[in-house]
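Asks: Quick one: structure below, then a few questions.
The values are calculated or read from the model by the stated rules, or taken from the named source; none is laboratory data. Note that the coordinates shown come from a computational prediction; the quantities given were computed from them, not determined experimentally. So basically every Cβ, Gly included, is an ideal-geometry build from the backbone, and we count neighbours across all protein chains shown. Surface areas here come from the heavy atoms of the whole protein model, side chains and all, with no ligands, DNA or RNA. Shrake-Rupley method; radii C 1.70, N 1.55, O 1.52, S 1.80 Å.
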Amino acid sequence: MKKLLSSLLIISSLLTTGCFFKQQSYQDTRFLMDTIITISVTGKDQAAIKNATDEAFIAFKEVEDETDRYKSHKPRDLYALNQHNGQGPFIVGDHLYKLLLMYKEQPYTALDLSLGPIIDVWRTHGETKTVPSLEEIKTALAKCGRDKFSLDTTNHTVTLTAGSNLDLGAIAKGYAVDYAASVITKNKAVTSALINAGGNIKVIGTKANGKPWRIGIQDPRNPQEILGILEMKNGQAIATSGDYQRYYEVNGVRYCHILDPATGQPARNAISTTVVSSSALTADFFSTLLFVLPHEEAISVVKNTPQIEAIIVNPKGEIYVSPGLRNTFTKEK
Amino acid sequence: MPSSAKLTTQELTQLGVLLAVAIVLRIAENFFPYLLPLPGARLGLANILTIFVLINYGTNKAGLFLCTRILLVGILSTGLFTPGFLIGLGGAALSFVFMSIAVERNWFSPIGIGLLGAFMHNCGQIIMAVYLLNSIAVFSYLPLLIAIGIPTGLFTGTLANILLKRIKTT
Amino acid sequence: MRKNDYLLFVFLLFLTGMGYFLHSHVPTTDGKILIVQHGQNILQKINLQTIKVPTKISIPTEHGHVIVNIDDKGAYVVSSPCRDKLCIHQGKITNPGQTIVCLPEKVLLTLTATGKEGAPDAIIR
């Protein structure tokens, strides 16, 4: 009996050592890029995963500083570039350059990064709850357009025409999420992580019980409810654009923050678009693009772009789910 | 049942051979496709030898035998301290405790020991999995595992019985 | 085999039976999902727990529309362009695992149980 107990002791001490190999979790939330960002990480070592989370937030701050249109942070950031309009080539930071390059390589005109002037018009009117006149919109729109800036790939410079102003709101967060995710993935102690940056989410690794991640998509007309739950694979990213995220109403008409570059008015072809892709930047880009495009065109873009799948809700509340998601999306209505 | 504290050279040699067989069986099991989406959920064929050693050499030496086998299999195959290793360990531990008590008190024939061992092995695996994965939901696999454990337990018990009748170790 | 062996064997069989029995009776309170299929394509997956009011969905098929009534307990076919209306006669399905098939229209309705997790890991806003 004594020997039985001693073998039990050996086995149980082996088991207790196993406790130290149990999964640890850590979560932190901070306010960055005008959004509440929550990063949850699980891994083998408590100190290491906290470290990974902190580094991820540092990565976010890095991108925020370089793409913030409203404040000066670094000598080669977006604020400085915009200030340099009409003054020839300007050397920009790496993140900023990569973002503008990605944008220039896309053929779509419905997403435009040069809408600074018209965005400012709507922002000013939003503060007083008024609607800008067509004249105002036309004048501001004249300062916008894909032709208003150019990239020089040899010298890493950007040239803005006079009066133009870039706003990277449509894609900066997606880019930041990818960057933060790459920082976390470098840390070998991390088994899995979820980065939730408001309308941009990326999942890393497998969930502890081996099942896929389940992400709920907010109901555009009812903040307490969700449209349904999407099952996500490791490494996938999801981005949502909606007319309910930032808007103001005048006389019962909603004016949201996503503008149609062709008209300078808030886009009204959809009330919510959600895109799934392996890159958060791609998801962010297309969620904005599909929001602006007319419904049928948006569906056609999804069909012709193999890297993305999407869920689009039109103003009537009808939900389109692209074929690749029908197996993994469960409606809640 | 022998319960001498010392390990004779003859016993050492015999156990060495049996250990090799147990390790091979255990690692060979890994090549079967997963029965369940649980890391480390296995048929438990190596138990045949655990029962054989338990009945022929006694609890102490069987305990040593089992620990050595687990460590060696861990180094050679599953990896030490991976979830798969720990789940297997939990199963082996619980199963061994119950089997050795049953053998010392002569509750069952080797066939019954096989059944008991398989059953407790599965319980041990589930308990470890619930703890490691932090999920009560894993308990839902228990009925299925018990069901699978009945035929495998009978099988290992019967084989152990045959071995015990055919191979004399003293 | 000894007497005790038999006892243990019977006991384990009993445990398995109990486990199975418990298992098949719990799911009705768990979430149910209705999978709507046309041919090989899954058209929709609907979480029945969230259907507060009986709803009708319309499945477009070769010969018209198959209308299905859904509530928080299950689903049944209300109308179909098929000749024999077997799908309607199958009545209402309410348990995970049950299916309704309309072969001429290639419609398949399946009820499955949700995984034990009902809540999402995160919500994208």
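Asks: Give the longest segment of chain A that steers clear of GluC sites (Glu not before Pro) in DSSP loops with at most 13 neighbouring Cβ atoms within 10 Å, not counting the sites themselves.
Replies: A:106-317
Asks: Over 22 Å, how big is the tail of the calculated P(r) for region A:139-221, in percent of all Cα pairs? Write out the running numbers ahead of the final one.
Replies: Numbers: 1782 of 3403 pairs.
Everything past 22 Å amounts to 52 percent.
Asks: Run through every distinct alpha carbon pair of region A:25-110 and return the Kirkwood hydrodynamic radius in angstroms, one decimal place.
Replies: Details: mean 1/r = 0.0663 Å⁻¹.
That comes to 15.1 Å for region A:25-110.
Asks: Treating only the Cβ atoms of Lys and Arg (+1) and Asp and Glu (-1) as charged, compute the dipole magnitude of chain C about its Cα centre; round to the nearest 20 debye. Display every interim value, and only then the final one.
Replies: On the way: 13 positive and 9 negative charges, 27 e Å.
Computed charge dipole of chain C: roughly 140 debye.
Asks: Now a separate question. About the Cα centre, and with charges only on the beta carbon of Lys, Arg (+1) and Asp, Glu (-1), how big is the dipole of chain A? Nearest 20 debye, please. Show your work: numbers first, answer last.
Replies: Working: 36 positive and 34 negative charges, 289 e Å.
My answer is approximately 1380 debye.
Asks: Something else now. Quick one: putting +1 on the C-beta of Lys and Arg, -1 on the C-beta of Asp and Glu, what dipole do you get for the protein assembly as shown around its Cα centre, in Debye to the nearest 20? Spell out each step's value before the answer.
Replies: On the way: 58 positive and 46 negative charges, 543 e Å.
About 2600 debye.
Asks: At 1.4 Å probe size, with every protein chain present, just tell me what the per residue accessible area of region C:32-113 comes to in Å².
Replies: 51 Å²
Asks: For region A:15-120, which trypsin sites (Lys or Arg not before Pro) are in a loop by DSSP, counting at most 11 other Cβ atoms within 10 Å?
Replies: On the way: sites: A:Lys22, A:Arg30, A:Lys44, A:Lys50, A:Lys61, A:Arg69, A:Lys71, A:Arg76, A:Lys98, A:Lys104; in loops: A:Lys22, A:Lys44, A:Arg69, A:Lys71, A:Arg76.
Here the sparse-neighbourhood loop sites are A:Lys71.
Asks: Less than 14 Å Cβ to Cβ from A:Arg146, Lys/Arg counted +1 and Asp/Glu -1: what total charge do the surrounding residues give?
Replies: Working: positive: A:Lys104, A:Lys143, A:Lys148; negative: A:Glu105, A:Asp112, A:Asp147, A:Asp167.
Net of charged neighbours comes to -1.
Asks: Please work out whether region C:32-113 counts as rounded, prolate or oblate from its C-alpha gyration tensor, where a ≥ b ≥ c are the square roots of the eigenvalues and a/c under 1.5 means rounded, while otherwise a/b larger than b/c means prolate and anything else oblate? It would help to have the intermediate numbers written out before the result.
Replies: Details: a/c = 1.63, a/b = 1.54, b/c = 1.06.
Prolate, because a/c is 1.5 or more and a/b exceeds b/c.
Asks: If you bin every alpha carbon distance in region A:238-322 into 10 Å steps from zero, what whole percent lands in each bin?
Replies: Pair shares across the bins are 19, 53, 24, 4, 0.
Asks: Within region C:42-71, which trypsin sites (Lys or Arg not before Pro) sit in a loop by DSSP and count at most 11 neighbouring Cβ atoms inside 10 Å? Mind dumping the intermediate values first?
Replies: Details: sites: C:Lys45, C:Lys52, C:Lys56; in loops: C:Lys52.
Here the trypsin sites (Lys or Arg not before Pro) that fit, given the DSSP loop and packing criteria, are C:Lys52.
Asks: In whole Å, what are the Cα extents of region A:266-315 along the three principal axes, biggest one first?
Replies: 27, 18, 13
Asks: Next up: What is the diffusion coefficient of chain A in µm²/s, taking the Kirkwood radius over Cα pairs and the Stokes-Einstein relation at 4 °C with a viscosity of 1.567 mPa s? Walk me through the intermediate numbers first.
Replies: Details: Rh = 21.6 Å.
D = 60 µm²/s.
Asks: For region A:78-160, what is the Kirkwood hydrodynamic radius in Å, using each pair of distinct C-alpha atoms? Mind dumping the intermediate values first?
Replies: On the way: mean 1/r = 0.0711 Å⁻¹.
Computed over region A:78-160, the radius equals 14.1 Å.
Asks: Please state the equivalent ellipsoid semi-axes for region A:151-301: what are the square roots of 5 times the Cα gyration tensor eigenvalues, largest first, in whole Å? Write down the numbers at each step before the final one.
Replies: Details: eigenvalues 165, 113, 32 Å².
Square roots of five times the eigenvalues give 29, 24, 13 Å.
Asks: Say the dipole of region C:23-105 comes from +1 at the beta carbon of Lys and Arg and -1 at that of Asp and Glu; which of C:Ile35, C:Pro54, C:Ser80 then lies farthest toward its positive end?
Replies: Checked the options; the winner is C:Pro54.
Asks: Okay, moving on. For peptide A:231-237, compute the average count of partner chain beta-carbon atoms within 10 Å of each residue's beta-carbon.
Replies: 1
Asks: Return the lysines within reach of C:Lys85: Cα separation strictly under 18 angstrom, same-chain partners fewer than 8 residues apart disregarded; answer none if there are no such residues.
Replies: Straight-line reach from C:Lys85, under 18 Å: C:Lys56, C:Lys106.
Asks: Can you give the helix-only mean residue ellipticity at 222 nm for chain A, where every DSSP H stretch with n ≥ 4 adds -39500 (n - 2.57) and the sum goes over all residues, rounded to the nearest 500 deg cm²/dmol? Walk me through the numbers on the way to the answer.
Replies: On the way: 9 runs with 117 residues, N = 333.
About -11000 deg cm²/dmol.
Asks: Now for a separate question. Classify region A:177-246: rounded, prolate or oblate, from the alpha-carbon gyration tensor (a ≥ b ≥ c, eigenvalue square roots; a/c under 1.5 rounded; otherwise prolate if a/b is larger than b/c)? Show your work: numbers first, answer last.
Replies: Details: a/c = 3.32, a/b = 1.70, b/c = 1.96.
Taking the square roots of the gyration eigenvalues as a ≥ b ≥ c, region A:177-246 is oblate.
Asks: Give me the percent of accessible area attributable to carbon and sulfur for chain C, probe 1.4 angstrom. Mind dumping the intermediate values first?
Replies: Values: 4380 of 7140 Å².
Roughly 61 percent of what the probe reaches on chain C is carbon or sulfur.
Asks: What number, in nm² with one decimal, is the all-direction average of the projected area of the convex hull of the alpha-carbon atoms of region B:9-166? Walk me through the numbers on the way to the answer.
Replies: Numbers: hull surface 34.9 nm².
Hull-based average projected area comes out at 8.7 nm².
Asks: Where the convex hull is taken over the Cα atoms of the protein assembly as shown, what is its projected area averaged over directions, in nm²? Present the calculation step by step, with values, prior to reporting the outcome.
Replies: Details: hull surface 144.9 nm².
So the mean shadow area of the Cα hull is 36.2 nm².
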